[in-house]
Amino acid sequence: MGLGNTVVNLSAHFNNRGIQPPDTSGEYGFNIWRNTFPAEELPEPGSLVELEGTVFAFPARDTGAGDNVRCRGQLVELPAGRWDWIGLVGAAERRTEDEVELHHADGTVRREWLRMSDFWPQTAPYFGEPLAFSTSGMRYPRHTHRHHAPSLWQQRVPVRVPAPLAAVRLPDNPAMHVFAMTVTADEESRLAR
């Protein structure tokens, strides 16, 4: 069955700069060592990309606020609807799992697990999620290391109860980073709306 994709705008929640254009300096740093993903090897800022049948909006050009959400318990409003999945593109500073809160329109809050594999070069997906993007090098504060290949992963959080969602609260776990989010509904859910 086909999926209906609706992109979630995360820009109001961006609080970390993890994608760095070449020959730039400043307050970049996906992690404590200020490693970053090379921008020239990732999709164009603001472009739509399809991964495993889900369309995501790659972060728009960084204007200083950042290009990803370092998870600190942010409440992200979702487009109204009955969704089957919350899809994410992200990575962890080390593999980790934590709970998200699904806030339904009727006030009910349910918890689900968000699991993210490590961004670190050549590390396999610990939780088995598909690879979203990998680069041939990783930026350090003073150079790009060409033989490190950091990864961004695609995750999915199930919405197990067929009731309209209003928001999702991300974990308070700064090791987790979310670059893009999309809510999806299968054909039956879309017809029931």
Please determine, by comparing only the residues of the stretch 129-145 that are at pLDDT 80 or above and of a type in the set (D, E, K, R), which one is surrounded by the fewest Cβ atoms within 10 Å (Cβ to Cβ). Glu129
If you check every pair at least six apart or on different chains, which have Cβ atoms under 8 Å apart with a residue in the stretch 3-16 that is within 25 Å of Asp172 (Cα to Cα) first and a residue that is among the hydroxyl-bearing types (Ser, Thr, Tyr) and part of a strand (DSSP E or B) second? Thr6/Thr182; Thr6/Thr184; Val7/Thr182; Val8/Thr182
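Name the residue that is surrounded by the most Cβ atoms within 10 Å (Cβ to Cβ), counting only residues in the stretch 32-41 that are touching a residue at least 40 places away in the same chain (Cβ under 8 Å) and either aliphatic (A, V, I, L, M) or within 17 Å of Ser134 (Cα to Cα) (or both). Break it down stepwise before answering.
First, the residues of the stretch 32-41 that are touching a residue at least 40 places away in the same chain (Cβ under 8 Å): 32-38, 41.
Of the ones still in play, those that are also either aliphatic (A, V, I, L, M) or within 17 Å of Ser134 (Cα to Cα) (or both) are 32, 35-38, 41.
Details: Ile32: 8, Asn35: 22, Thr36: 24, Phe37: 26, Pro38: 18, Glu41: 15.
If we take residues in the stretch 32-41 being touching a residue at least 40 places away in the same chain (Cβ under 8 Å) and either aliphatic (A, V, I, L, M) or within 17 Å of Ser134 (Cα to Cα) (or both), then Phe37 is surrounded by the most Cβ atoms within 10 Å (Cβ to Cβ).
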Does at least one position in the stretch 120-127 carry a residue that is of a type outside the set (D, E, K, R), at pLDDT 90 or above, in contact with a strand residue (DSSP E or B) (Cβ under 6 Å, 6 or more places away or on another chain) and in a loop (DSSP other than H, G, I, E, B)? no
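How many residues are outside any loop (DSSP other than H, G, I, E, B) and more than 25 Å from Arg146 (Cα to Cα) if we restrict to the stretch 95-119? Write out each step before concluding.
So in the stretch 95-119, the residues outside any loop (DSSP other than H, G, I, E, B) come out as 96-104, 109-116, 118.
Right, trim to more than 25 Å from Arg146 (Cα to Cα) and you get 96-104, 109-115.
Residues in the stretch 95-119 being outside any loop (DSSP other than H, G, I, E, B) and more than 25 Å from Arg146 (Cα to Cα): 16 in total.
Being surrounded by 18 or more Cβ atoms within 10 Å (Cβ to Cβ) and within 16 Å of the chain's Cα centre (by Cα) narrows it down to one residue among Gly87, Gly73; which is it? Walk me through how you get there before you give the answer.
Details: Gly73 fails: surrounded by 18 or more Cβ atoms within 10 Å (Cβ to Cβ).
Of Gly87, Gly73, the one residue that is surrounded by 18 or more Cβ atoms within 10 Å (Cβ to Cβ) and within 16 Å of the chain's Cα centre (by Cα) is Gly87.
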Scan of the stretch 42-76 for residues that are among the hydrophobic types (A, V, I, L, M, F, W, C), under 11 Å from Ser11 (Cα atoms) and assigned to a loop (DSSP other than H, G, I, E, B), ordered by number: Phe58, Ala60, Ala65
What are the residue pairs meeting all of these: first residue in the stretch 59-77, first residue in contact (Cβ under 8 Å) with a residue 24 or more places away in the chain, second residue of a type outside the set (Asp, Glu) and loosely packed, with under 12 Cβ neighbours inside 10 Å, Cβ atoms under 8 Å, and 6 or more apart or on different chains? Pro59/Gly46; Ala60/Gly46
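Go through the stretch 146-169 and give me each residue that's modelled with pLDDT under 85 and surrounded by 14 or more Cβ atoms within 10 Å (Cβ to Cβ).
Pass one, the stretch 146-169, residues modelled with pLDDT under 85: 146-148.
Listed by number, the list holds a single entry, His148.
The values are calculated or read from the model by the stated rules, or taken from the named source; none is laboratory data. Since we're looking at a predicted model, the values are computed, not measured. Using ideal geometry, Cβ is built from the backbone for each residue, glycine included, and neighbour counts are taken over all protein chains shown.
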